[in-house]
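The values are calculated or read from the model by the stated rules, or taken from the named source; none is laboratory data. This structure is a prediction, so every number in the text was calculated from the model and none was measured. Glycine also receives a Cβ, built like all others from the backbone with ideal geometry; neighbour counts cover every protein chain displayed.
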Amino acid sequence: MKIHEHQARQILHDAGVPVPPGVVIESIEAAAGAYKQVVSDAGLGEKGLAVVKAQVHAGGRGKAGFVKLVRSAEEATDAARFMLSNRMVSPQTGAEGLDVRKLLIAAGVDIAKEYYLAITTDRATRRNVLIASSEGGVEIEQVAEDKPDAILKEPIHPTMGLQAHQARRLAFKLGFTGKQVNEATKIMLALARVYDERDCSLAEINPLIVTPPTDEHPDGRVMAIDAKFSFDENAMFRQKAIADMFDPTEENPSELRAHKFGLSYIAMDGNIGCLVNGAGLAMSTMDIIKHHGGEPANFLDVGGGASEEAVTEGFRIILSDQAVKGVLVNIFGGIMRCDVIAQAIVNAAKEVGFKVPLVVRLEGTNVESGRKILEDAKSSIPTMQAALDLEDAAKKVTAAIAS
Ligand code: GDP
Ligand code: MN
């Protein structure tokens with residue numbers, strides 16, 4: 001589960017990481033007031049620097065023009081107008097882009113240098129790993145590709161956690177000097193604590209910055225000015241505060257609908273809708289569709305105990321996708337009963353109608369009564385064909401679409 005930058009900044013702030021203050025707005029009219037408030041909260045004076053930032057669950061905002069530095073209420077309003085009336089397209093959004101509903105207006109800071117700092121789980125070593133670079137900022141993906149040596153990694157011990165000496169050593173390697181070393185070390189330790197306590201799957205600060213030297217801070221200050229967090233969804237039962245940060249407007253509407261009925265559904269780019277029970281079977285169904293030259297429109301695992309109502313909803317979701325030109329149902333009934341699936345097909349046929357070819361492969365628990373239900377409904381579902389096995393089903397559905 002992902003959260004917004006402003007929520008991640010709050011978590012960092014609560015953990016003791018210095019983060020410039022900010023205000024979230026949802027309208028163009030609110031921009032001027034928010035600008036005045038943040039520059040005043042940060043003690044920046046009348047034409048102080050602030051930054052207007054789109055709050056969407058995707059990165060690459062800076063390059064897309066959705067992070068803008070402003071120095072007046074008017075500039076803040078112009079930036080807000082642009083971001084709230086255009087869709088944001090970045091390499092992380094796909095061509096259709098994302099609708100922007102919320103903006104963060106934060107106090108701006110002067111930057112002497114940008115660093116990258118993150119923690120994620122490394123499946124190869126089966127440990128969490130602290131990842132850092134002195135070449136942080138909007139080009140970090142390019143740095144990782146061109147200069148892998150510029151990305152430093154420090155494994156985190158599963159029970160002892162990140163040790164202060166590890167963080168210090170990394171701070172030196174990154175080139176922090178003077179008071180920066182302690183500040184950076186503290187931030188790394190705080191990030192590791194948050195990662196652990198909040199069941200994160202990614203906790204990223206990019207950029208972590210050092211501000212230019214001033215009389216008050218001759219070594220500059222180390223601060224987080226952007227943060228991106230993801231969480232392990234399986235841990236949400238014990239992370240109430242995080243679960244409450246969920247923003248449904250950032251999710252694919254079909255995926256959200258499916259989730260409500262306990263179905264796992266992931267939208268994809270192809271044209272063959274799939275309804276399958278079991279994640280493994282769903283994946284092999286997608287593989288075999290591809291093997292026969294087709295492209296799946298979705299992954300849909302109805303699971304073991306889904307009700308007739310939930311499975312019917314699964315068909316509604318698949319059939320509401322305009323790209324779907326054929327549907328493949330592949331059920332190997334164990335706990336899931338074939339008659340439940342068959343009845344859901346009949347319901348969906350009545351309600352929405354299968355205007356596209358439908359290929360059904362049923363096997364397992366209550367297969368006879370399932371087949372009987374479909375046999376009896378055959379005349380009302382003219383596009384339906386039965387398949388003998390998975391191979392046959394994939395061949396039939398790809399052929400039906402091609403013809
Ligand atoms: P992202 O592009 O989605 O990762 O958004 P970021 O919040 O990381 O902003 C992108 C870039 O904008 C940063 O790497 C900085 O170079 C710049 N930026 C963001 N906030 C500030 C700020 O307060 N002051 C200055 N000088 N630059 C900023
Ligand atoms: Mn960033």
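Brief remarks follow.
- Within segment 11-62, the set of residues being among the charged types (D, E, K, R), outside any loop (DSSP other than H, G, I, E, B), free of Cβ contacts under 8 Å to residues at least 40 places away in the same chain and more than 16 Å from ligand 2 (Cβ to nearest atom) comprises D14, K36.
- Taking strands (runs of 3 or more DSSP E) as the structural unit, no element lying wholly within segment 324-403 holds at least 2 residues that are buried (at least 16 other Cβ atoms within 10 Å of the Cβ) and on the phi > 0 side of the Ramachandran plot.
- Residues satisfying the stated conditions in segment 68-78, i.e. among the hydrophobic types (A, V, I, L, M, F, W, C) and either within 11 Å of ligand 1 (Cβ to nearest atom) or surrounded by fewer than 21 Cβ atoms within 10 Å (Cβ to Cβ) (or both): L69, V70, A73
Conditions (1) more than 17 Å from R101 (Cα to Cα); (2) among the basic types (K, R); (3) in contact with a His (Cβ under 6 Å, 6 or more places away or on another chain); (4) away from ligand 1 (no atom under 14 Å from the Cβ), marked per residue:
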position: G33; (1), (2), (3), (4): yes, no, no, yes
position: V39; (1), (2), (3), (4): yes, no, no, no
position: G43; (1), (2), (3), (4): yes, no, no, yes
position: K47; (1), (2), (3), (4): yes, yes, no, yes
position: A50; (1), (2), (3), (4): yes, no, no, no
position: G59; (1), (2), (3), (4): no, no, no, no
position: F66; (1), (2), (3), (4): no, no, no, no
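- Subset tally (residues that are more than 23 Å from the chain's Cα centre (by Cα) and either of a type in the set (K, R) or surrounded by fewer than 24 Cβ atoms within 10 Å (Cβ to Cβ) (or both)) for segment 296-311: 7
- When residues of segment 79-90 are limited to those that are surrounded by 18 or more Cβ atoms within 10 Å (Cβ to Cβ) and within 15 Å of ligand 1 (Cβ to nearest atom), the one nearest to V109 (Cα to Cα): A79
- Scanning segment 109-137 for residues that are touching a Phe, Trp or Tyr at 6+ places or on another chain (Cβ under 9 Å), part of a strand (DSSP E or B) and within 15 Å of ligand 1 (Cβ to nearest atom) yields a count of 2.
- Residue-level analysis places A190 outside the set of residues that are surrounded by fewer than 15 Cβ atoms within 10 Å (Cβ to Cβ), of a type in the set (G, A, S), at pLDDT 95 or above and more than 16 Å from ligand 1 (Cβ to nearest atom).
- The requirement of being within 16 Å of ligand 2 (Cβ to nearest atom), of a type in the set (A, V, I, L, M, F, W, C) and within 28 Å of the chain's Cα centre (by Cα) is fulfilled somewhere in segment 149-163, by at least one residue.
- The criterion of being near ligand 1 (Cβ under 9 Å from one of its atoms) and at pLDDT below 95 does not hold for G97.
- Scan of segment 197-209 for residues that are out of contact with any Asp or Glu (no Cβ under 8 Å at 6 or more places or on another chain) and in contact (Cβ under 8 Å) with a residue 40 or more places away in the chain, ordered by number: R198, L202, A203, E204
- For segment 63-87, filtering for residues that are assigned to a helix (DSSP H, G or I), away from ligand 2 (no atom under 14 Å from the Cβ), of a type outside the set (S, T, Y) and out of contact with any Phe, Trp or Tyr (no Cβ under 7 Å at 6 or more places or on another chain) leaves 8.
- Restricted to strands (runs of 3 or more DSSP E) entirely inside segment 172-236, those with at least 1 residues that are among the aromatic types (F, W, Y) are 227-231.
- Residue count for segment 320-329 satisfying the condition of being under 22 Å from A279 (Cβ atoms) and at pLDDT below 95: 1.
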